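Undergrad: Dropping the structure in here first, questions after.
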Amino acid sequence: MQVLRKNIRDSDMIVRWGGEEFMLICHNTALNPAVRLAEKLRAVIQAEPWSDAVIMTSSFGVAQMGDESLESFIERADRALYSAKDNGRNRVVPAL
């Protein structure tokens, strides 16, 4: 979590969402900049020297909230995350 906090803005919030999942909330951020941030975080996580020579990877589902319920927004991000996991992991997938 510290690795992520060092690479996000002070206005961004990161919270644990389930067992091994986190949600990063970036207020007033369009989809493309959010995808770029997710790519940066994915690369930082992979490059971080973890213990026991472990190479950590991460998968991201990225969504921009539209005119929809919070539940619908989170479902779209979750579908994108599972698409990233299902298609080889260690990738960023924007939600449609």
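The values are calculated or read from the model by the stated rules, or taken from the named source; none is laboratory data. This is a predicted model, so every value here is computed, not measured. Reconstructed Cβ throughout: ideal geometry from the backbone, glycine too, with neighbour counts over all protein chains shown. Surface areas here come from the heavy atoms of the whole protein model, side chains and all, with no ligands, DNA or RNA. Shrake-Rupley method; radii C 1.70, N 1.55, O 1.52, S 1.80 Å.
Undergrad: Of all residues in region 21-30 being over 12 Å from the mean Cα position of the chain (by Cα) and on the phi < 0 side of the Ramachandran plot, which is least open to solvent (accessible area, probe 1.4 Å)?
TA: The selected residue is THR29.
Undergrad: From the set of residues in region 42-96 that are in a loop (DSSP other than H, G, I, E, B), among the aliphatic types (A, V, I, L, M) and within 17 Å of LEU24 (Cβ to Cβ), which is most open to solvent (accessible area, probe 1.4 Å)?
TA: The extreme case among them is MET65.
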